[in-house]
Amino acid sequence: MRRSNLPVLALTCVLVACAAACSTPAPPSPPKAPEPTVNPASLQAFAPLPDAVPAAQASSPELVALGRMLFYEPRLSKSQKISCNSCHDLAAYGVDGQPTSDGHKGQQGTRNSPSVYNAAGHFVQFWDGRAPDVEAQAKGPVLNPVEMAMPGEARVVTVLTSMPEYVDAFTRAFPNEPKPVTYDNMATAIGAFERRLMTPSRWDALLKGDMSALTAEEKVGFQTFVDSGCATCHNGALLGGGSYQRIGLAKAFPRTADGGRMNLTKAEGDRAVFKVPSLRNVEKTGPYFHDGGTAGLDQAIRDMGEYQLGKSLDDTQVKAITDYLKALTGKVDPDYIKPPVLPKSTAKTPKADEGS
């Protein structure tokens, strides 16, 4: 008996109908929000970091190598426990993470130790600008009684000349000088080393033309940074470090004990005036401001909005600016900052002095 084809035909119809339904185009997706872009005009106030900051005296590998040794040398301090690296830890983005640093016999200074990275590009050194360059700056802490507390330049020279390896290193670094081991040459060598402590970041890649170097959030943050007025002071290659400014320009700053440049110039107009800090690596270099009195980056941003710009930045703005500032965290060359093997003391090397 012949079977009916009706069930098969019915099933076929169902499958065809299903296929037709499944092939129906899906409704169009909503259009994507446009990718944030950076206004080229906003970039004109900024510049990429240089590879190094040149000095008046030509550098050499021997001079830089000597400067690296001296930067890490604790025997440049009276207690023989404190080196440049103690307060400007190169493994921690050039800071010690404290509001103010520990000096001789545990004494505390009154100002925060800023990062030594990129510092050679600043127009002056120290918060109050009392040194014109990193070479002059290197001389200050060694003789400061609160910091490294050496009693005088002669003591420093005695320490260095007591070790033949240092005498040889100075001779190689200053080949045309009959007496190369001097206090000034010590500072020149440290400065030569510091002038190459540069930390390029993704921000520099963007400034050189790679518009994909920053994330969408960081681009929004940059525009928020500019639109809020931050770039008025924080501009150039270092995003700061190129001018003085009064802290509390729009509203009195709550911490007023430090007179700033007025302590140096004695001019009332310089009260609470400080060098504008660089924002390079700012994510890594807290606590913030001249006294280290603000712990977190987000609070530092709010404070600058309130006291410098006269604005109450909301949470969205603060997060956006924070996102951008994190793009300024740069790369540290581990080989360049590797602690060197220092010469051994000799019988002629003065002993550590823990006294006052």
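The values are calculated or read from the model by the stated rules, or taken from the named source; none is laboratory data. Source: prediction; values computed, not measured. No Cβ is skipped: glycine too gets one built from the backbone with ideal geometry, and neighbour counts run over all protein chains shown.
I'd like to check something: does region 335-344 contain any residue that is closer than 26 Å to residue 215 by Cβ and crowded, with 18+ Cβ neighbours inside 10 Å? First the steps, then the outcome.
If we filter region 335-344 for residues that are closer than 26 Å to residue 215 by Cβ, which is where we start, we get none.
No, there is no match, as no residue in region 335-344 is closer than 26 Å to residue 215 by Cβ and crowded, with 18+ Cβ neighbours inside 10 Å.
Take residue 129 and decide whether it is among the small types (Gly, Ala, Ser) and either under 30 Å from residue 312 (Cβ atoms) or under 27 Å from the mean Cα position of the chain (by Cα) (or both). Walk me through it before giving the result.
Working: among the small types (Gly, Ala, Ser): yes; either under 30 Å from residue 312 (Cβ atoms) or under 27 Å from the mean Cα position of the chain (by Cα) (or both): yes.
Answer is yes for this residue.
What is the residue count in region 305-334 for residues that are among the acidic types (Asp, Glu) and surrounded by 15 or more Cβ atoms within 10 Å (Cβ to Cβ)? Count: 2. Exactly one residue out of 341, 318 is in a loop (DSSP other than H, G, I, E, B), at pLDDT 95 or above, more than 15 Å from the chain's Cα centre (by Cα) and not polar (S, T, N, Q): that is 341. Listed by first and then second residue, the pairs with beta-carbon distance under 8 Å, at least 6 apart or on different chains, first residue in region 41-52 and modelled with pLDDT of 95 or more, second surrounded by fewer than 14 Cβ atoms within 10 Å (Cβ to Cβ) and of a type outside the set (Gly, Ala, Ser), are 48/208. One residue alone among 125, 108, 137 is within 23 Å of residue 355 (Cβ to Cβ) and either of a type in the set (S, T, N, Q) or in the same structural domain as residue 264 (by TED's automatic domain parsing) (or both), and that residue is 108.
Residue-by-condition table, conditions (1) closer than 30 Å to residue 201 by Cα; (2) at pLDDT below 95; (3) surrounded by 16 or more Cβ atoms within 10 Å (Cβ to Cβ); (4) not acidic (Asp, Glu):
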position	(1), (2), (3), (4)
241	yes, no, yes, yes
245	yes, no, yes, yes
251	no, no, no, yes
254	no, no, no, yes
258	no, no, yes, no
265	no, no, yes, yes
270	no, no, yes, no
274	yes, no, yes, yes
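Evaluation of residue 70 against the conditions (1) in a helix (DSSP H, G or I); (2) in contact with an Asp or Glu (Cβ under 9 Å, 6 or more places away or on another chain); (3) over 22 Å from residue 270 (Cα atoms) shows that the sole unmet condition is (2). Remark: pairs (first residue in region 316-327, closer than 18 Å to residue 203 by Cβ; second residue part of a helix (DSSP H, G or I) and among the polar types (S, T, N, Q); Cβ separation under 8 Å; 6+ apart in sequence or on different chains) = 320/224; 321/224; 321/228; 324/224.
For (1) surrounded by 20 or more Cβ atoms within 10 Å (Cβ to Cβ); (2) modelled with pLDDT of 95 or more; (3) of a type in the set (Asp, Glu), each residue gets a yes or a no:
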position	(1), (2), (3)
136	no, yes, no
174	yes, yes, no
184	no, yes, yes
225	yes, yes, no
